[in-house]
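Asker: Starting off with a structure, shown below.
The values are calculated or read from the model by the stated rules, or taken from the named source; none is laboratory data. This one's a predicted model, so the numbers in the text were calculated from it and none came from an experiment. Note: ideal-geometry Cβ built from the backbone for every residue, glycine included; neighbour counts use all protein chains shown.
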Amino acid sequence: MTPLRLALLLLAVCGVAAWQLMVIPQSLMQMTVGPLLAPGAIVAGLTLAALLYGWSAWRGLQVDLSQDTGQEALPGSTTRLLILLGGGVAFIVLVIPLGFVLPAALCGMCIARAFDAPFNTKSALICGLIATVFWVVFARLLGVGLGPALPWLI
């Protein structure tokens with residue numbers, strides 16, 4: 001895929017994301033920071049990045065990897081990708097039966113493993129702590145409906 005085609009694909013994804021922003025219902029309460037602020041800012045930033053990438057691709061500043069450059073994928077890249085995607089799928093599948101913290105910790109461990117961190121107790125403790133802090137901040141302090149931290153806790 002040429003850089004210009006990739007830029008067009010990225011802009012199409014940003015268009016779909018912007019369309020999805022329109023589906024988010026407006027809050028019934030008048031508030032300065034509503035449910036569209038964070039996703040809107042992220043989509044705007046990603047759209048700006050896609051536009052800048054497209055501009056640099058149009059000017060010929062991006063490397064065209066569709067041509068044979070003699071470079072090959074790094075060893076183990078397929079395994080890394082599968083571990084990364086597997087962590088996301090595990091979170092999606094396990095979040096309802098196991099609550100938020102355990103699947104989020106497992107997902108974090110898979111992401112860390114994809115970047116060469118060991119899959120051990122230290123990694124489990126760090127990812128579990130991060131998941132717990134996120135759950136406390138978003139579910140308890142901000143009132144975002146993440147469900148229970150663990151199924152036996154409220």
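Asker: Might you let me know whether region 135-148 holds any residue that is at pLDDT 90 or above and surrounded by 16 or more Cβ atoms within 10 Å (Cβ to Cβ)?
Answerer: yes
The rows are residues; the columns are (1) surrounded by 12 or more Cβ atoms within 10 Å (Cβ to Cβ); (2) outside the structural domain of residue 7 (by TED's automatic domain parsing).
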{"position": "37", "(1), (2)": "no, no"}
{"position": "63", "(1), (2)": "no, yes"}
{"position": "103", "(1), (2)": "yes, yes"}
{"position": "126", "(1), (2)": "yes, yes"}
